[in-house]
Amino acid sequence: MGETTEAKAMAKYLAKKGIAKKFIFLEEDSMDTIGNIFFTRKKYLEKKKWKKPNFVSSKFHIDRIKLLAEWILDSSYKPQFVASSNKGVSPIVLIKRRFIEERLITYSKKYMFPEIEKGNMRSIEKFLFSKHPAYSNVKNEEWNKIMGKIRRIKKLY
């Protein structure tokens, strides 16, 4: 039996909540949010010709998902975004998570978006596999600084 990925854990949760397995699709190729959207488009949306994907995430994360989806999906897509409740999450954790999200949004705008043609899968794929630190062998000082800050913040909660 393999590792329980984030996708498998969420699928299990959704199944427990009564969502039929035929409506649950796993995306396990990504290492971050831009990868989630890119691989979901490539693996499911394009192949099944789905044009109205639903993105569900925490309130503190949904703004970055919207921003990235705007760049990864072309204008033929009409995504919906649903933010789950932050109920039960401590206020200090929420503050830290918002801080992390703001830093990652800033990084995306400064370093990723200038390299990507909106909605163009070739452009996005080229960026991911030649310049994005999570998918290529490129060392990026700015990315390392941000990730170092995020690791320090995460140690606090």
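Read-outs throughout are calculated quantities, based only on the coordinates presented, and are distinct from any laboratory measurement. Keep in mind that this is a model prediction, so the values were computed, not measured. With ideal geometry, Cβ positions are generated from the backbone for all residues, glycine too; neighbour counts draw on all protein chains shown.
Output the DSSP H helices from the chain with an along-axis C-alpha extent of no less than 30 Å and a mean Kyte-Doolittle hydropathy no less than 1.6. Provide the component values of the computation, followed by the final result.
Details: long enough: none.
For the chain, where a helix must reach 30 Å along its axis and average at least 1.6, there are no hits.
For the chain, what does -39500 (n - 2.57) per DSSP helix run (n ≥ 4), summed and divided by total residues, give at 222 nm, in deg cm²/dmol to the nearest 500?
Numbers: 6 runs with 75 residues, N = 157.
Helix contribution divided over all residues of the chain: -15000 deg cm²/dmol.
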Isotropically averaged projected area of the chain, using the convex hull of Cα atoms (one quarter of hull area), nm²: 10.5 nm²
Segment 1-67: which GluC sites (Glu not before Pro) are DSSP loop and have at most 15 other beta-carbon atoms within 10 angstrom? E3, E28
Prolate/oblate/rounded label for segment 60-131 (Cα gyration tensor, a/c 1.5): oblate
